[in-house]
Amino acid sequence: MSGAEFLNIALPKGRLGEKVYAVFEKAGYPCPGVMDNSRKLVFENPDAGVRYFWVKPSDVAIYVERGAADLGAAGRDILLEYAPDVYELADLGLGVCRMAVAAPESFRDEPERTLRVATKFPNIARSYYADRGRDIDIIKLNGSIELAPVLGLSDVIMDIVETGTTLRENHLAVIDTVLPISARLVANKSSYRFKNREIRRLAAAVSDAITVAKAAATEAKA
């Protein structure tokens, strides 16, 4: 089967990607070997017409935008930060967390002073504070964001928060929630045009699988 006949799907490496693949599998698009503990990155199932490949989470949208992948699962944070030219087809309801502003427990904002914000997401931070008319100094970091206010590098941080455990352990607290985050199913615009029927069929099957999973979870809690 040629590449043109496959739906090429970029999966984010890690726990999120494993959950995303599980949804695709339940939707009727399985692929042997995807979950094997190996260094292999590309997996094909000609019968289902899919080719999966693992990529760094922040690169999924690039693969989709550039056409190396027809579809992919990318976090809302990545889509807002980099604004890739892709179609967003569905909220997968996975990787649910939030983007938040956090600061030392003793922090008190002084509006007359430029606020120093450490973050991995400068574009989201810039937009968020522009809407509030707040003068900020963005400090772009790639890791250990919580360390910035502890060492006096920044006043606050803007980062993804799941449980908040890391914040508490570093004596930081959430002072504002910026936006909710979850994984989204995205499509390359050209692929959506030329593989429309296949993509729409897969998207519908994935949506149905998500609905069934949510119903089962709700029933289990009842």
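We did not get these values from a lab; they are worked out from the coordinates using the rules stated. Note that this is a predicted model, so its numbers are computed, not measured. Cβ sites come from the backbone with ideal geometry, for glycine too, and all protein chains shown count toward neighbours.
Considering only 138, 175, 210, the Gaussian network model of the chain with Cα springs below 10 Å gives its largest mean-square fluctuation to 175. Every Cα-Cα pair in region 1-158 was counted, and those over 29 Å apart are 34% of them.
Here the sum of -39500 (n - 2.57) over DSSP H runs of 4 or more residues, divided by the residues of the chain, equals -10000 deg cm²/dmol at 222 nm, to the nearest 500. Separation of the alpha carbons by more than 24 angstrom is noted, of 40/140; 26/214; 13/40; 40/195; 19/221; 189/214, for 40/140; 40/195; 189/214. Select from 29, 213, 84 the residue farthest towards the positive end of the dipole of the chain; place +1 on Cβ of Lys and Arg, -1 on Cβ of Asp and Glu, and compute about the Cα centre. Of the candidates, 29 comes out farthest on the positive side. Relative contact order of the chain, taken over Cα pairs closer than 8 Å and 6 or more residues apart, is 26 percent.
Of the beta bridges in the chain, as assigned by DSSP with both residues counted there, near 60 percent are antiparallel. Take the Cβ atoms of residue 97 and residue 37, set R0 to 22 Å, and the FRET efficiency comes out at 0.25. Counting Lys and Arg as +1 and Asp and Glu as -1 over every other residue whose Cβ lies under 15 Å from the Cβ of residue 191, the net charge comes to +2.
In whole Å, how far is the Cα centre of region 163-178 from that of region 42-73? Here the answer is 34 Å between Cα centres. Rounded to the nearest 10 degrees, the angle from helix 122-131 to the longest Cα principal axis of the chain is 60 degrees. For the chain, the longest principal axis of the alpha carbon atoms and the long axis of helix 196-221 meet at an angle near 60°.
Helix 15-26 and the longest principal axis of the C-alpha atoms of the chain enclose an angle of approximately 30°. Using Cβ point charges alone (K and R +1, D and E -1), the dipole size of the chain about the Cα centre works out to roughly 520 debye. Each Lys and Arg adds +1 at its Cβ and each Asp and Glu adds -1 at its Cβ; summed about the Cα centre, region 1-124 shows a dipole of about 420 debye.
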